[in-house]
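Coordinate-derived values only; no laboratory data. As the structure is a computational prediction, the values presented were derived from the model and not from experiment. Cβ sites come from the backbone with ideal geometry, for glycine too, and all protein chains shown count toward neighbours.
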Amino acid sequence: MEKPLGKYTVSFGLALAITAIFSALLVVIKELSENTVLALMKRATGHHWITHTIIDLIVFVALGFLLTKVQISPERLSRVIIGATVAGGLIIAGFYLLAD
Amino acid sequence: MFEVMVMMHAVLGLLVLLAGIWVFVEALNVSQSNVARIRLASLIVAVAMWVTFAVAGYWYVAYYAADKALILKGPWPFAHNFFMETKEHVVLMLLLLTTFLPIAAQNDLVGNKGARSLFLCVAGLIVLIGVAVEGSGGIISMGAKLGAALR
């Protein structure tokens, strides 16, 4: 019988997928809310991109340690990570393509 | 300093891409004899990405505004409006993928086919996004050059 995936592989894999989508949605939200969200993010660290990075890392690490009880097959985790990464990339690229 | 940082982040980015390809190919041919090397290479990918991210991030925040102004006044404004804007956010996903790679490498890559597939998926995504990011960097650089030439 094959060994199951390590608990941190599952939790940080799911954290990666969730953060990829979250980060893409944060791009759309901040760009559409220049005077509120974007301005707040700029004020927080001096640059919206630094704030964005810090938020992403906090979400990723927090979810990585919170989701250690979740069980999922390696095949499903692979699909979730690929799907979320592709979707996140398409949301970001699609947004700037339409905005350009 | 500006030129050094531009070159450094491009070269370091290329290192991440090459290390990603190395890890991917090693994992395609995984066995007991190379699994330790795969784990080490995964760590190299992650460390290289964090160093690249720190250098590129500093350059972006400290120096990019001048290039941005040149690009937007030049014939290739899309080099910033689409490629830079997309790159600066997609690279965050690359940072997370490379950070996750050494974690995924800790599983039984030799005996567990699912774990191996997962590892290959992550390494493959790193390579694909790495190529897209490097290509975008070239377009952004060209946009700045064209903007400066026509100034």
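For this structure, a couple of remarks:
- Selection within the range A:1-51 - within 30 Å of A:Val70 (Cβ to Cβ), of a type in the set (Lys, Arg) and more than 9 Å from every other protein chain (Cβ to nearest Cβ): A:Lys7, A:Lys30
- Test: residue in the range B:60-69 that is crowded, with 16+ Cβ neighbours inside 10 Å, farther than 26 Å from A:Ala15 by Cβ and among the hydroxyl-bearing types (Ser, Thr, Tyr): yes
- The set of residues in the range A:72-100 being free of Cβ contacts under 8 Å to residues at least 40 places away in the same chain, touching a Ser or Thr at 6+ places or on another chain (Cβ under 9 Å) and over 25 Å from B:Pro77 (Cβ atoms) consists of A:Glu75, A:Ser78.
- Check on A:Gly89, closer than 18 Å to B:Gly124 by Cα and more than 9 Å from chain B (Cβ to nearest Cβ): no
- Exactly one residue out of B:Ile139, B:Ile129, B:Ile103 is within 19 Å of A:Ala93 (Cβ to Cβ) and either surrounded by 22 or more Cβ atoms within 10 Å (Cβ to Cβ) or at the interface with chain A (Cβ under 9 Å from one of its Cβ atoms) (or both): that is B:Ile129.
- Lone unmet requirement of (1) within 23 Å of A:Leu98 (Cβ to Cβ); (2) in contact with a Leu (Cβ under 6 Å, 6 or more places away or on another chain); (3) of a type in the set (Lys, Arg) for B:Lys87: (2)
- Failed criterion for B:Tyr64 (all others in (1) at the interface with chain A (Cβ under 7 Å from one of its Cβ atoms); (2) out of contact with any Pro (no Cβ under 6 Å at 6 or more places or on another chain); (3) free of Cβ contacts under 8 Å to residues at least 24 places away in the same chain hold): (1)
- Subset of the range A:52-82 [of a type in the set (A, V, I, L, M, F, W, C), closer than 28 Å to B:Ala56 by Cβ and within 7 Å of chain B (Cβ to nearest Cβ)]: A:Phe60, A:Ile81, A:Ile82
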